[in-house]
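Structure first, then comments.
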Amino acid sequence: MSWLQKLLPPKINRPVGNSRKTVPEGLWSKCPSCEAVLYRTDLEGNAEVCPKCSYHNRISARSRLDLLLDAEGRLEIGAEVQPIDPLKFKDSKRYVDRLKATQSEMEETDSLIVMQGSIKSVGVVAAAFEFKFMGGSMGSVVGERFARGVQAAIDNRAPFICVSASGGARMQEGLFSLMQMAKTSAALTQLSKAGLPYVSVLTDPTMGGVSASFAMLGDVIIAEPQALIGFAGPRVIEQTVRETLPDGFQRSEFLLEHGAIDMIVDRREMRDKLATILTAFMRTPLSPV
Amino acid sequence: MNVKTNNVKTSFLEFEQPIAELEAKIEELRYVQDDSALDISEEIERLQQKNKTLTKDIYAKLTAWQISQVARHPQRPYTLDYIRGIFTDFEELHGDRAFSDDPAIVGGIARFDGQSVMVIGHQKGRDVKERQYRNFGMPRPEGYRKALRLYRLAEKFGMPIITLIDTPGAYPGIGAEERGQSEAIARNLYVMAELRVPIIGVIIGEGGSGGALALGVVDHLMMLQYSTYSVISPEGCASILWKSADKASEAAETLGITATRLKAFGLVDRIVPEPMGGAHRAPEDMMQSLRRALADELSHLQVKSIDNLLATRYDRLMSYGKFKESPVK
């Protein structure tokens, strides 16, 4: 940030133009898992997966959709739906202020982004969570955008995909947030009635109210490797049962072993895998390689 | 002072201490009157009147945090008390047919005013042993799967469903996670949204988050006057947002967990009034007033065709949420 920008009042100080791609902090990045020192550009070119140990770093909702969808013919759904503060919620900070700060920092208006588009020419509606937006928490906007996404899928006779990354329901919207669990689950009954597939992709982390609603209702449930997935957080469980949790507890591999998910798929293969699954359910010819 | 010395053995909450003291005094006088020639009945009468006013005053301005304590009162009537008090011919049905029977949820067939119904609710325990047995009303996946089995059974035989909600939340345990706590709750939300029978839900005590909602996707939702319904417990919210569980009372206030606030938001359809001082002070009266409310709402729902009922339920589910619509830049 230049000295001039620092002097400007925050309203004017908004970065202009297409600045969605954040400037990398440095040229190098250390893998949190294997500690290998990597070129940022290598990591970015590898879907934020460590080329040495395949550790999956968390990624933004838009990068996620970029990885999954064809470049052409994308249309964002429900961006006009934006959060308010029905409870006048206040902890150490007012919810409205928290929202404003997060919105300008993230340049997103809430934690779910929904897009109509295609995967290898198969028409889809795909939703992805922005974990950095208040922990990907689900409030009224997430529920409404999800429901509109499902409706768009029904209207276009397209499959629906949701990539979850969320700590659960958003406390700041109180019971309205809890009701989004019921709302999103109910929306999926209509998709089902229309005979359209729903694939739920679970990424690190998928917890609480998101996990206990649409995330676990996929016709097919896919997880990325090593993602933390569960109802209660590990700390809450540890405090309740007063014992140390087994290794790998609530990780994707644990869920696969216990029969909770269908498969674990590497992020770099996710697009291909989704195309295979969706074309099978839609009984369309295999897409050209 | 030992508040449990009076003859009804009511236990009092902290904010009820003035009531407890007055009741103890009345009790003392009664005792004196029994073996003395002096007539102090007038004085007793006066104190009783005072006690009534005092209770009324205290209960007229309960904070959200105080209400959540009444909702968790150890003497509050639980699901099985309501089943005994309101229904007849109850036959409890056990088990999820896959893993085990979860005592934190009870359910079965029963008669309400002679009509066949399915009644399902969370069950807490009264003494130490039973509390443990009922796991403090915190269900495991098999509890929700038992409920699911009973929903389906009710649907098959066209029986209206009445759910009684009273749980701190779904159990956060190792086994619960291994057996798919999330999926069990999610499945109930999904199935309840399209179940082809009328469903009435009553929050009788604590409506604790997803663990409560798995019994709460209904056509008509009632709350007893001093029950609560929340996305997270006030303590949990305080320890996350204020980093201190001591701020529970502030959290309770701002979370909006009381029947009056939730009714104003349109998230609850009806508040069932409780006897003075809470349901536990006069359980019989509570039963009567809930019975009337249930009879009332059941008759409203049953005149609707199933298709109409389901369409209304779906529209209602889709209407949940408060947001604005602004043009996108």
Practice prompt. May I ask you to verify whether B:HIS300 is under 28 Å from B:TYR171 (Cβ atoms) and in a helix (DSSP H, G or I)?
Written response: no
Worksheet entry | helices (runs of 4 or more DSSP H) lying entirely in segment A:1-72 (those with 2 or more residues that are surrounded by fewer than 16 Cβ atoms within 10 Å (Cβ to Cβ) and at pLDDT below 95) | A:3-7, A:40-44
Response to the item:
Within segment B:196-215, of all residues that are surrounded by 24 or more Cβ atoms within 10 Å (Cβ to Cβ) and assigned to a loop (DSSP other than H, G, I, E, B), the one farthest from the other protein chains (Cβ to nearest Cβ) is B:PRO198
Discussion item. Criterion first (among the aliphatic types (A, V, I, L, M), within 8 Å of chain A (Cβ to nearest Cβ), within 27 Å of A:GLN190 (Cα to Cα) and free of Cβ contacts under 8 Å to residues at least 24 places away in the same chain) does B:ALA193 satisfy it?
Written reply: no
Worksheet entry | Considering residues of segment A:86-99 that are assigned to a loop (DSSP other than H, G, I, E, B) and open to solvent by 20 Å² or more (accessible area, probe 1.4 Å) only, the residue nearest to A:ASP272 (Cα to Cα) | A:PRO86
Fill in: Hits in segment B:251-276 (condition: touching a helix residue (DSSP H, G or I) at 6+ places or on another chain (Cβ under 7 Å), more than 10 Å from every other protein chain (Cβ to nearest Cβ) and either surrounded by fewer than 23 Cβ atoms within 10 Å (Cβ to Cβ) or hydrophobic (A, V, I, L, M, F, W, C) (or both))
B:ALA252, B:ARG270, B:ILE271, B:VAL272, B:PRO273, B:PRO275, B:MET276
Item to complete: From the list B:TYR133, B:TYR151, pick out the single residue that is within 20 Å of the chain's Cα centre (by Cα), modelled with pLDDT of 95 or more, open to solvent by less than 10 Å² (accessible area, probe 1.4 Å) and more than 13 Å from chain A (Cβ to nearest Cβ).
Response: B:TYR151
Item to complete: Confirm whether B:VAL117 is open to solvent by less than 30 Å² (accessible area, probe 1.4 Å), in contact with a Ser or Thr (Cβ under 7 Å, 6 or more places away or on another chain) and modelled with pLDDT of 95 or more.
Response: no
Worksheet item: When you scan segment A:193-289 for helices (runs of 4 or more DSSP H) that lie fully inside it, which ones turn up with 1 or more residues that are basic (Lys, Arg)?
Response: A:234-241, A:270-282
Discussion item. Quick test of your reading of the structure: A:GLU144 fulfils all but one of (1) on the phi > 0 side of the Ramachandran plot; (2) within 11 Å of another protein chain (Cβ to nearest Cβ). Name the failing condition by number.
Written reply: (1)
Worksheet entry | Filtered residues of segment B:16-34 (kept if touching a Ser or Thr at 6+ places or on another chain (Cβ under 9 Å), charged (D, E, K, R) and modelled with pLDDT of 90 or more) | B:GLU16, B:GLU23
Item to complete: Run B:GLU43 past the list (1) touching a helix residue (DSSP H, G or I) at 6+ places or on another chain (Cβ under 7 Å); (2) open to solvent by less than 60 Å² (accessible area, probe 1.4 Å) and report the number of the one that doesn't hold.
Response: (2)
Worksheet entry | Single residue of segment B:224-250 satisfying the filter (at pLDDT 95 or above and among the β-branched types (Val, Ile, Thr)) that is surrounded by the most Cβ atoms within 10 Å (Cβ to Cβ) | B:VAL231
Worksheet item: So which residues in segment A:73-85 are assigned to a loop (DSSP other than H, G, I, E, B), more than 7 Å from every other protein chain (Cβ to nearest Cβ) and either of a type in the set (D, E, K, R) or open to solvent by less than 10 Å² (accessible area, probe 1.4 Å) (or both), if there are any at all?
Response: A:ARG74, A:GLY78, A:ASP85
Worksheet item: Across segment A:172-199, what is the total count of residues that are of a type in the set (Ser, Thr, Tyr), at the interface with another protein chain (Cβ under 10 Å from one of its Cβ atoms) and open to solvent by less than 10 Å² (accessible area, probe 1.4 Å)?
Response: 4
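The values are calculated or read from the model by the stated rules, or taken from the named source; none is laboratory data. Model, not experiment: these values are computed from the prediction. Heads up, the Cβs are rebuilt from the backbone with ideal geometry, glycines too, and the neighbour counts pull from every protein chain shown. Side chains are part of the model used for accessible areas, which takes the heavy atoms of the whole protein and leaves out ligands, DNA and RNA. Shrake-Rupley method; radii C 1.70, N 1.55, O 1.52, S 1.80 Å.
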